[in-house]
């Protein structure tokens with residue numbers, strides 16, 4: 001059998017599977033359609049959202065943070081709720097509130113298999129410019145090992161919805177892998193974001209392989225994708241996130257399915273790329289999105305990636321699979337007006353030239 005036609009056929013089968021396919025789709029009400037406190041969450045929807053990527057039911061919460069007043073919605077109450085797991089909602093009064101943390105909230109692997117945090121469009125979680133906001137790691141013994149294969153277990157399944165993350169800061173963790181994820185750092189289990197906003201978060205500013213000004217993710221269960229729906233990273237001047245790599249999001253060995261979302265005004269501020277050039281600290285790739293690893297898929301549907309900036313590669317998207325087995329799928333997506341860098345094989349996208357890319361007629365790619 002001729003290998004090339006088979007490979008092409010297999011690719012289009014995978015592409016079809018990665019989109020909605022036969023799965024039911026759902027409406028995703030967005031409380032941040034016209035907010036007073038910054039850019040909206042995501043863009044006007046252009047793509048249908050599969051049911052598995054939609055909002056989780058929070059009608060029967062495990063913990064309600066607050067007792068009806070802003071003063072009752074404390075950092076300690078939120079941190080305790082996350083440690084206990086389950087479904088977490090808030091009752092902080094009739095007006096939007098900001099909860100400022102002095103240490104990260106930790107997801108404990110043995111607390112519950114499902115962890116849902118729903119801010120109802122009224123809650124902003126802040127790191128106060130001093131700390132990361134949320135940390136989950138199935139391979140961190142301090143958070144309790146629950147399986148013998150922590151890098152590939154199906155829990156905890158963490159959903160963050162109807163929330164804003166601001167001023168998270170992971171720079172104090174240094175330039176190794178823990179220095180990524182200015183607002184949120186996740187390894188293992190599953191992660192889903194719905195109606196989330198990430199503003200002014202930061203992580204390590206130097207290093208060849210550290211990243212994720214807003215979010216850093218590792219090893220998801222059975223290589224299933226991280227869902228991101230109706231979400232914004234940056235969104236306007238003065239709101240962008242930054243890190244050495246991956247101003248908005250960063251990952252190693254992780255697939256993503258991103259719907260109706262916005263990445264703009266984020267920065268990859270490192271210098272020297274990966275591996276680091278002689279005399280440089282390394283970094284500076286992936287203004288909006290940084291993906292590294294092996295077999296993985298980046299699926300973007302109804303996504304705008306604009307006005308991001310890099311010093312090295314991938315002003316919009318940096319996508320490198322070490323064994324050249326990954327692929328990119330773009331549907332009704334706009335990537336344009338991103339700045340800086342080199343090694344471009346598509347406008348705004350740095351990748352190996354043999355990377356398989358499927359681009360529909362509604363997608364716009366411009367320098």
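The values are calculated or read from the model by the stated rules, or taken from the named source; none is laboratory data. Not measured: the values here are computed from a predicted model. So basically every Cβ, Gly included, is an ideal-geometry build from the backbone, and we count neighbours across all protein chains shown.
Table: residues versus (1) under 15 Å from residue 235 (Cα atoms); (2) buried (at least 23 other Cβ atoms within 10 Å of the Cβ); (3) out of contact with any helix residue (DSSP H, G or I) (no Cβ under 9 Å at 6 or more places or on another chain).
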{"site": "271", "(1), (2), (3)": "no, no, yes"}
{"site": "294", "(1), (2), (3)": "no, no, yes"}
{"site": "300", "(1), (2), (3)": "no, yes, yes"}
{"site": "305", "(1), (2), (3)": "yes, yes, yes"}
{"site": "308", "(1), (2), (3)": "yes, yes, yes"}
{"site": "314", "(1), (2), (3)": "no, yes, yes"}
{"site": "324", "(1), (2), (3)": "no, no, yes"}
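Taking the stretch 171-187 as the region of interest, how many residues are in a loop (DSSP other than H, G, I, E, B) and under 15 Å from the mean Cα position of the chain (by Cα)? Quick ask: steps written out before the conclusion?
Residues of the stretch 171-187 that are in a loop (DSSP other than H, G, I, E, B), as a first pass: 174-176, 180-183.
Applying the additional criterion that residues be under 15 Å from the mean Cα position of the chain (by Cα) yields 180-183.
Adding up the residues that qualify gives 4.
Look at the stretch 124-153 and say how many of its residues are within 18 Å of residue 85 (Cα to Cα) and outside any helix (DSSP H, G or I).
Residues meeting the conditions: 14.
Considering only residues that are without any contact (Cβ under 8 Å) to a residue 40 or more places away in the chain, part of a strand (DSSP E or B) and within 21 Å of the chain's Cα centre (by Cα), which ones fall in the stretch 308-356? Steps first, answer last, please.
From the stretch 308-356, those without any contact (Cβ under 8 Å) to a residue 40 or more places away in the chain are 315, 317, 319-326, 328, 330, 333-337, 342-347, 349, 351-355; that's our starting set.
Subsequent filtering for residues that are part of a strand (DSSP E or B) retains 317, 319-321, 328, 330, 334-336, 342, 346, 349.
Of everything in the stretch 308-356, those that are without any contact (Cβ under 8 Å) to a residue 40 or more places away in the chain, part of a strand (DSSP E or B) and within 21 Å of the chain's Cα centre (by Cα) turn out to be 317, 319, 320, 321, 328, 330, 334, 335, 336, 349.
All but one of (1) under 24 Å from residue 232 (Cα atoms); (2) in a helix (DSSP H, G or I) hold for residue 83; state the number of the condition that does not hold.
(1)
Quick check: anything in the stretch 165-172 under 24 Å from residue 225 (Cβ atoms), out of contact with any helix residue (DSSP H, G or I) (no Cβ under 7 Å at 6 or more places or on another chain) and in contact (Cβ under 8 Å) with a residue 24 or more places away in the chain? Please lay out each step first, then the result.
Of all residues in the stretch 165-172, those under 24 Å from residue 225 (Cβ atoms) come to 165, 168, 170.
Those still in the list that are out of contact with any helix residue (DSSP H, G or I) (no Cβ under 7 Å at 6 or more places or on another chain) too: 165, 168.
Going one step further and asking which of them are in contact (Cβ under 8 Å) with a residue 24 or more places away in the chain, we end up with 165, 168.
The answer is yes, given that some residue of the stretch 165-172 is under 24 Å from residue 225 (Cβ atoms), out of contact with any helix residue (DSSP H, G or I) (no Cβ under 7 Å at 6 or more places or on another chain) and in contact (Cβ under 8 Å) with a residue 24 or more places away in the chain.
Conditions: (1) assigned to a loop (DSSP other than H, G, I, E, B); (2) modelled with pLDDT of 95 or more. Residue 121 meets all but one. Number of the miss?
The failed condition is (1).
Can you give me the number of residues within the stretch 61-82 that are out of contact with any strand residue (DSSP E or B) (no Cβ under 8 Å at 6 or more places or on another chain) and touching a residue at least 24 places away in the same chain (Cβ under 8 Å)?
3
Within the stretch 199-299, considering only strands (runs of 3 or more DSSP E) that don't extend past its boundaries, which have at least 3 residues that are at negative phi and under 14 Å from the mean Cα position of the chain (by Cα)? Talk me through it step by step, then tell me what you get.
Numbers: elements: 215-218, 226-229, 232-234, 249-252, 256-259, 262-264, 289-293.
Counting at least 3 such residues, we get 215-218, 226-229, 249-252, 256-259, 262-264, 289-293.
Residues of the stretch 357-367 being within 17 Å of residue 46 (Cα to Cα) and not in a loop (DSSP other than H, G, I, E, B), which ones? Spell out how you get there, then give the answer.
To start, the set of residues in the stretch 357-367 that are within 17 Å of residue 46 (Cα to Cα) comprises 359-365.
Within the stretch 357-367, 359, 364, 365 meet the criteria.
Okay, residues lined up against (1) within 18 Å of the chain's Cα centre (by Cα); (2) surrounded by fewer than 17 Cβ atoms within 10 Å (Cβ to Cβ); (3) assigned to a loop (DSSP other than H, G, I, E, B):
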| position | (1), (2), (3) |
| --- | --- |
| 67 | no, yes, yes |
| 94 | no, yes, yes |
| 111 | no, no, yes |
| 116 | yes, no, no |
